[in-house]
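*Asks:* Before we start, here is the structure in question, set down as structure tokens.
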Amino acid sequence: MKERLQELKEEALNKVEQADTLNELQDIRVAYLGKKGPITEVLRGMGKLSKEERPVIGELANKVREAIAGELDAKKESIEARELEEKLEKETIDVTLPGRPVTVGGPHLLTSIIEEIEDLFIGMGFEVREGPEVETDYYNFEALNLPKGHPARDMQDSFYITEELLMRTHTSPVQARTMGKFQGSKPVKMICPGKVYRRDTDDATHSHQFTQVEGLYVDRNVRMSDLKGVLNRFAKQMFGEEREIRLRPSFFPFTEPSVEMDISCKVCHGEGCSVCKGTGWIEILGGGMVHPRVLEMAGYDPKEYTGFAFGMGPERIAMLKYGVDDIRHFYTNDVRFLKQYHKA
Ligand SMILES: [Zn+2]
């Protein structure tokens, strides 16, 4: 029996020495030290031994076990250390490589311009209101003095969803909704920024989806001179104190009289040059006195209340302010273009 145990010990230690992986070690552990292993088997046969021999063999068997277990542990440690080293070697970081640049985003140019316009009008006592982009025919047209069949509806080719629902063609319905809510109970002084949609072929100056900011001031004794004053302040603050404005008569169904506003050309200051096509002026926005019919439909008595309204395209404002030559730049989202306008 002693010889058998010695044999097993040598055999096991030999295998441990040759083992190369943790899995192999585990197999050896199970094979030699497990309950079904040869050492356990030797111990089972101890019943046949004499009383004197039993403790001697028992002690020897334990020593053999300990020796094998000890070697297994030592080998395990050395394999683990080797694997760790290999792993570290593989994952070495080359600290001399240049780092990847961290890019910082910023607001889109249109977002910045709209916020600038909002700040400017908030400073003059206007509040900012928003409304749905999917609008009813009533608020988009009828409430703004554009009944069904009105020829001026053709000026705004629309995306209809159903007979009565469409993508709003301007932000004016927000004004109609706000006035309609108050029903003549109080003055309204608001601007409404937002996206609008028209069936248009996209080119350098047209887009089927663009943004608008419209303004409305309804109160007792609101006059055309108030509109001129507000727009003059807007133009100077947005484009520079040296810029002049002029109002030209125009037509919109929801205002009467209607005007278009120009500002003096930045390049020639009114002399005439290629930028302003020789006129000295550049068209900026439209507006006018709210049509009595529009006031009436929203529950405001036109004999008591008057108001002015105006509307502008933030794309056009941004194009004029920064010399952007194509409206599509705002929507193709080339970061090389957008990045130029990020404020530090
Ligand atoms: Zn000019």
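The values are calculated or read from the model by the stated rules, or taken from the named source; none is laboratory data. Just so we're clear, the structure is a prediction, and the values are computed from it rather than from any experiment. Neighbour counts are summed over all protein chains in view; Cβ atoms, including those assigned to glycine, are modelled from backbone coordinates with ideal geometry. Ligands, DNA and RNA are stripped out before the accessible areas are found, and what is left, the full protein with its side chains, is counted by its heavy atoms. Shrake-Rupley method; radii C 1.70, N 1.55, O 1.52, S 1.80 Å.
Residue-wise test of (1) in a strand (DSSP E or B); (2) more than 16 Å from the ligand (Cβ to nearest atom); (3) open to solvent by 50 Å² or more (accessible area, probe 1.4 Å).
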site: S250; (1), (2), (3): yes, yes, no
site: C268; (1), (2), (3): no, no, no
site: C276; (1), (2), (3): no, no, no
site: G286; (1), (2), (3): yes, yes, no
site: M289; (1), (2), (3): yes, yes, no
site: E296; (1), (2), (3): no, yes, yes
site: D301; (1), (2), (3): no, yes, yes
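*Asks:* Same structure again: Kindly indicate the residue of region 254-266 that is open to solvent by 10 Å² or more (accessible area, probe 1.4 Å) and within 19 Å of H150 (Cβ to Cβ) and also nearest to the ligand (Cβ to nearest atom) among those meeting that condition.
*Replies:* P257
*Asks:* Have a look at E41, E71, E89 and point out the one that is open to solvent by 100 Å² or more (accessible area, probe 1.4 Å), under 19 Å from E10 (Cα atoms) and assigned to a helix (DSSP H, G or I).
*Replies:* After ruling out the rest, the residue left standing is E41.
*Asks:* Let me ask you something else. Answer yes or no: is there a residue in region 101-112 that is more than 27 Å from the chain's Cα centre (by Cα), open to solvent by 40 Å² or more (accessible area, probe 1.4 Å) and of a type outside the set (K, R).
*Replies:* For region 101-112, residues more than 27 Å from the chain's Cα centre (by Cα), open to solvent by 40 Å² or more (accessible area, probe 1.4 Å) and of a type outside the set (K, R): absent.
*Asks:* Inspect all residues belonging to region 137-156 and state whether any of them is among the hydroxyl-bearing types (S, T, Y) and under 30 Å from K321 (Cα atoms).
*Replies:* For region 137-156, residues among the hydroxyl-bearing types (S, T, Y) and under 30 Å from K321 (Cα atoms): absent.
*Asks:* Please enumerate the residues belonging to region 115-149 that are of a type in the set (S, T, N, Q) and either in contact with a Ser or Thr (Cβ under 7 Å, 6 or more places away or on another chain) or modelled with pLDDT under 95 (or both).
*Replies:* N140, N145
*Asks:* Residues that are among the aliphatic types (A, V, I, L, M) and surrounded by 15 or more Cβ atoms within 10 Å (Cβ to Cβ): does region 135-145 have at least one?
*Replies:* From region 135-145, those among the aliphatic types (A, V, I, L, M) are 143-144; that's our starting set.
Still in the running and surrounded by 15 or more Cβ atoms within 10 Å (Cβ to Cβ): 143-144.
Looking for residues that are among the aliphatic types (A, V, I, L, M) and surrounded by 15 or more Cβ atoms within 10 Å (Cβ to Cβ), one finds at least one in region 135-145, hence yes.
*Asks:* Here is a further query. Do we have any residue at all in region 146-155 that's within 21 Å of D226 (Cα to Cα), small (G, A, S) and free of Cβ contacts under 8 Å to residues at least 12 places away in the same chain?
*Replies:* Looking for residues that are within 21 Å of D226 (Cα to Cα), small (G, A, S) and free of Cβ contacts under 8 Å to residues at least 12 places away in the same chain, one finds none in region 146-155, hence no.
*Asks:* Going through region 220-244 one residue at a time, which ones are touching a helix residue (DSSP H, G or I) at 6+ places or on another chain (Cβ under 9 Å), open to solvent by 20 Å² or more (accessible area, probe 1.4 Å) and either more than 16 Å from the ligand (Cβ to nearest atom) or free of Cβ contacts under 8 Å to residues at least 24 places away in the same chain (or both)? Explain how you work it out, then say what you get.
*Replies:* From region 220-244, those touching a helix residue (DSSP H, G or I) at 6+ places or on another chain (Cβ under 9 Å) are 230, 233-234, 237-239, 242-244; that's our starting set.
Next, from what is left, pick out any that are open to solvent by 20 Å² or more (accessible area, probe 1.4 Å): 230, 233, 237, 239, 242, 244.
Hits for region 220-244 are V230, R233, Q237.
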